[in-house]
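Below: one structure, written as C-alpha cells.
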Amino acid sequence: LTQPSWLAAYASNGETHPVQRGKWVRERLLGGVVPDIPIGVDAQLPNTFDKTVRERLAVATTDAYCQHCHRKMNDLGLPFEAYDYLGRFRTEEPVEDPTGAKPPAKKGTEPKPAMKGVPVDTTGAIAHTGVPALDGPVPNAVEMVRKLAATDRARQVFVRHAFRYWMGRNETPADAPTLLAADRAYVEGGGSLRALIASLLSSDAFLYRWADPK
C-alpha cells in the first residue's frame with residue numbers, strides 16, 4: 001500500500017485523496033461497505049488552498065450528514081498523507097502562503113500564489129471493524145499496514161476478494177468449504193498467492209456447475 005502505483009491510482013490530479021485511499025482499505029482489507037455518494041451531494045473539498053488536505057477534509061467529519069460514511073474512510077486514508085499524489089514520500093505538504101511574496105509571473109499568465117511547506121500529520125485510526133483488538137490509533141501508514149497484515153480479518157477478506165475475482169461471482173453459503181480450503185492453503189503456504197490460486201482453481205466451485213433442473 002505504500003507503492004507509488006497504488007498511491008497514484010487512488011489520488012486526484014495534483015492532490016492526494018485520503019477518502020479514496022481510506023475507502024479502498026475499508027472495503028478491500030476490512031470487508032466493510034461504504035455507500036456511493038448520494039445524489040445531490042457536492043463532494044468537493046473547500047477551495048481554501050492555504051490549508052492542508054486534512055484541514056479541508058475536516059468538514060466531512062463535523063457535518064452530521066457526511067460523517068456517517070466519512071468516519072469509515074477518513075482515518076484510514078489520512079496516514080497516507082506521508083505520500084503525495086504521485087506516491088512520493090514527503091515530510092511537508094505545500095499550501096498557499098497569503099502573506100508570502102508571489103514569484104514572478106511569465107508573460108501573459110497570472111502570477112502564481114506564494115507557497116510554504118507545512119509538516120505532514122500522518123496520524124489516523126482503525127475503527128468500526130468489530131474486532132476490538134484491531135481498533136485503535138495508528139501513527140502512520142506503515143504501522144497501520146503492519147497492524148492490518150497481522151490480523152485474520154484482513155487475510156480472510158483478501159481471500160474472499162480473490163474468490164470473487166477468479167470465480168467471477170460473489171460467494172454463497174455453499175462456498176464455505178472452498179473459502180476455508182483457500183484460506184488454509186494461503187496460511188500453510190506462508191502467504192503464497194500461488195497456493196491460494198491453486199486451491200481456488202482446483203476446487204469444485206471452480207470446476208463444476210449445477211446441472212439445469214430442466
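The values are calculated or read from the model by the stated rules, or taken from the named source; none is laboratory data. Keep in mind the model is a prediction, meaning the values are calculated, not measured. Positions of Cβ are generated from backbone atoms using ideal geometry, with glycine treated the same way; all protein chains shown enter the neighbour counts. Surface areas here come from the heavy atoms of the whole protein model, side chains and all, with no ligands, DNA or RNA. Shrake-Rupley method; radii C 1.70, N 1.55, O 1.52, S 1.80 Å.
Here are some notes:
- Choice from K106, K72, K147 showing the highest fluctuation, given a GNM over the chain with Cα pairs closer than 10 Å: K106
- With all protein chains in place and ligands, DNA and RNA left out, the 1.4 Å accessible area ranks W6, W24, W166 as W166, W24, W6, largest first.
- 0 to 90° range, to nearest 10: angle between helix 152-167 axis and the chain longest Cα axis: 70
- 3J(HN,Hα) along region 125-139: 7, 9, 8, 6, 9, x, 10, x, 5, 8, 5, x, x, 10, x Hz, from the Karplus curve 6.51 cos²θ - 1.76 cosθ + 1.60 with θ = phi - 60°, whole Hz, x for Gly and Pro.
- R0 of 41 Å, Cβ-Cβ distance H161-E96: FRET efficiency to nearest 0.05: 0.55
- Multiplying the residue separation of D121 and S5 by 0.36 nm and subtracting their alpha-carbon distance yields 39.6 nm.
- With Cα atoms, 0 to 90° folded angle of helix 18-28 axis to the chain main axis: 10
- Applying the Karplus relation 6.51 cos²θ - 1.76 cosθ + 1.60 with θ = phi - 60° to region 180-195 yields 3J(HN,Hα) values of 5, 5, 5, 5, 5, 5, 5, 5, 5, x, x, x, 7, 5, 4, 5 Hz, where x marks Gly and Pro.
- Once the Cα gyration tensor of region 1-64 is diagonalised, semi-axes √(5λ) in Å: 20, 18, 11
- Amide H contacts of V118 (H built 1.01 Å from N, under 5 Å, at least 5 apart or other chain): E93, V95
- Distance between the pseudo-spin-label points of H128 and K147 (7 Å out from Cα toward the beta carbon): 1.6 nm.
- Table column - 3J(HN,Hα) (Hz), region 31-47, Karplus curve with 6.51, -1.76, 1.60, x for Gly and Pro: x, x, 10, 10, x, 5, 4, x, 4, x, 9, 8, 7, 10, 6, x, 7
- Distance distribution P(r), the chain, all Cα-Cα pairs, bin width 5 angstrom from 0: 1, 6, 12, 14, 15, 14, 12, 8, 7, 4, 3, 2, 1, 1, 0, 0 percent.
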